[in-house]
Amino acid sequence: MADIGLTGLGTMGAALALNIAEKGFSVAVHNRSRERTDALVEGAGDLAANLTPLDDLAEFATALTAPRLIVMMVPAGAAVDAVIEALLPRLDEGDTLIDAGNADFNDTRRREAALAQKGFGFVGMGVSGGEDGARHGPSIMVGGPEASYERLGPIVEAIAARYQGAPCAAWLGPDGAGHFVKTVHNGIEYADMQMIAEVWGLLRAAGRAPKAAAELFAEWDEGPLRSYLIEITAKVLAAADTETGEPLIDVILDVAGQKGTGRWTVIEALKLGQSASAIEAAVGARSWSSEVAARRLGEDRLGAGEASPRAILDGDLEKALLAARIIGYSQGLTLLARASAEFDWSLDLARIAEIWRAGCIIRSALLDDIAHAARDGLAQNHLILAPYFADRLAETVPALRRVVASAICSGDPVPALAAALSFYDTMRRARGTADLIQGQRDYFGRHGFQRRDRDGEGFHGPWAD
Ligand code: NDP
């Protein structure tokens, strides 16, 4: 009998199955179409001994130790519902289905509640690290009934990445908590990727060749910016196209796809009365990137920007990226704290930062410091207010300001860097400009306002008569 079942043997599912098999667990594997199952087993080498390929769902279910653990690794949405529907008649009370794909946490909450009524467990489990991570050690964010983690935990912790020996996997909270944390992880990833791309854009505008920029990113990867995304940026910029010999970056079309997690982060932030503005800017920038025809016409009709010197120091770019990265993480963590309060999840932000230290796409040198700051408690749920990060920002924000100002003057777009800076500047002013907004709202809609000099609300301006 197999310890665990896995259905959906695409890029991630196949890699995860091999990882589980390698850690000594027996895995029953299934896929909608037979070819992928065959390919997995044929390429598994010695690990095939721990894989039981099954074509038929009924046989797949019978091959599993009770109560069953079944991992689904299929695209979000209708595919997950279809797989659940197909598996349900083959399940017994106490069995647990685990959705290890990226899912909208609202769907996960709905599925968990529906399956709980039927006596089944449902776990929403975020897995980060891409194919290589899934194969050799991802970061794993588990949500759902805590009891499910008793049997699932040992498997998940065995296959996860390790940071100084500790597994980068944890049960984080009930129902949709795991998928929500994974969603916000991806939101932070969107922001970080966009900020890095904006810095590359500034280097390119200043005439830096891809190879030279690659060297700069590789150098930054040795300092405070050290992270997976900076490391792969250096590699992407250094790569040559095998067909033309040109720098690969000059061959790749500047259109970025998206599957939904960035958008979900922004939607949930807005629903919670928040704005993760750096993430929002990154999602927006990907959308604008797809408007190729409009941008080409725009270059014709609107001009490519005003020509002015673009003398930005490399050291400023490094510091600017660091400041913006801290602000991106900070917005993500605030969102997690707000969701935790809203859904009663008691999320442990420090534990989340800890399991992001290895295996996942946003792993970076900063995360250990973030975990420490979160362990001490984040004032008002803002990382930027933690003394350590307030100091780091004091050192780096002046560079972010110079970089954004210079980019704006030269007409180079930096939507995420600018959004990060504006958020920082907003949060360091006790007195903002919403006084005027309140005045305007009262003028046209009698909405009333609060006064600075006394308690109470519902005051009106002299226009009320
Ligand atoms: P792939 O496209 O490589 O594989 C998709 C798998 O789902 C295939 O096995 C496919 O079966 C199966 N499938 C699709 N639709 C259905 C359906 N209606 N019923 C049954 N099976 C179905 O996807 P990935 O492995 O890349 O992604 C899987 C999940 O993991 C997604 O939720 C994704 O967002 C998430 N993820 C992906 C990462 C990545 O880097 N790729 C990273 C982290 C998470 P068939 O062979 O029959 O088509």
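Derivation of every value follows stated rules applied to the coordinates shown; laboratory data play no part. From a predicted model like this one, the values you see are computed outputs, not experimental measurements. Note that each Cβ is placed from the backbone with ideal geometry, even for glycine, and that neighbours are counted across all protein chains shown.
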If you project the alpha carbons of the range 294-450 onto their three principal axes, what span does each projection cover, largest first, in Å?
-> 52, 51, 32
Considering only the chain, what is the antiparallel percent among its DSSP beta bridges, to the nearest 5?
-> 30 percent
Relative contact order, percent, the range 4-175 [alpha-carbon distance under 8 Å, six or more residues apart] | 20 percent
Here D for the range 210-284, in µm²/s, from Stokes-Einstein with a Kirkwood Rh over Cα pairs at 25 °C and 0.890 mPa s, works out to 167 µm²/s
Calc'd 3J(HN,Hα), the range 63-76, phi into Karplus 6.51 cos²θ - 1.76 cosθ + 1.60 (θ = phi - 60°), Hz, glycine/Pro = x, comes to 7, 9, 4, 8, x, 6, 10, 10, 8, 10, 10, 10, x, 4
Expressed as a whole-number percentage, the relative contact order of the range 131-194 with C-alpha contacts under 8 angstrom and at least six residues apart is 38 percent
Percent relative contact order for the chain, counting Cα pairs under 8 Å at least six residues apart, stands at 13 percent
Given DSSP loops and a limit of at most 11 other Cβ atoms within 10 Å, what is the longest stretch of the chain that contains no such GluC sites (Glu not before Pro)?
-> 307-456
Listed by chain and number, the lysines with an alpha carbon less than 30 angstrom from that of Lys182, same-chain partners under 8 positions apart left out, are Lys23, Lys118, Lys235, Lys259, Lys271, Lys319
Spread of Cα-to-Cα distances over 10 Å intervals beginning at zero, given as percent, for the chain | 4, 18, 26, 23, 17, 8, 3, 0, 0
Over all distinct alpha-carbon pairs, what is the Kirkwood Rh of the range 80-139 in angstrom?
-> 12.5 Å
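How big is the Cα convex hull of the range 183-427 in projection, averaged over all directions, in nm²?
Spelled out: convex hull of the Cα atoms, projected over all directions, averaged, 13.6 nm².
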Magnitude of the charge dipole, the range 132-259, Cβ model with Lys/Arg +1 and Asp/Glu -1, debye to 20 | 220 debye
For the range 4-175, what is the Kirkwood hydrodynamic radius in Å, using each pair of distinct C-alpha atoms?
-> 15.7 Å
Antiparallel DSSP beta bridges within the range 4-175, percent to nearest 5 = 25 percent
Please give, to one decimal in nm, the separation of the simple spin-label points placed at Asp348 and Glu150, each 7 Å out from Cα toward the Cβ.
-> 1.9 nm
How far is it, in nm, from the label point at Asp455 to the one at Ile408 when both lie 7 Å from their Cα along the line to the Cβ?
-> 4.0 nm
Taking the Cβ of Arg226 as the centre, find all other residues whose Cβ is under 15 Å away and add up their charges (Lys, Arg: +1; Asp, Glu: -1).
-> -2
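Taking the Cβ of Asp368 as the center, what net charge do the other residues with Cβ under 12 Å away carry, scoring Lys and Arg +1 and Asp and Glu -1?
Details: positive: Arg226, Arg357, Arg363, Arg375; negative: Glu354, Asp369.
Once positives and negatives cancel, what remains is +2.
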Separation between Cα centres of the range 34-107 and the range 335-361, rounded to whole Å | 27 Å
So how far, in whole Å, is the C-alpha centre of the range 426-465 from the one of the range 228-281?
-> 40 Å
Grab the DSSP H runs of the chain that are 4 residues or longer, score each as -39,500 (n - 2.57), total them, divide by all residues and round the 222 nm result to the nearest 500 deg cm²/dmol.
-> -17500 deg cm²/dmol
Could you size up the charge dipole of the chain around its Cα centre, putting +1 on the beta carbon of Lys and Arg and -1 on that of Asp and Glu, and report it in debye to the nearest 20?
-> 1100 debye
Cβ-Cβ cut-off under 13 Å around Thr65, Lys and Arg +1, Asp and Glu -1: the net charge is -1
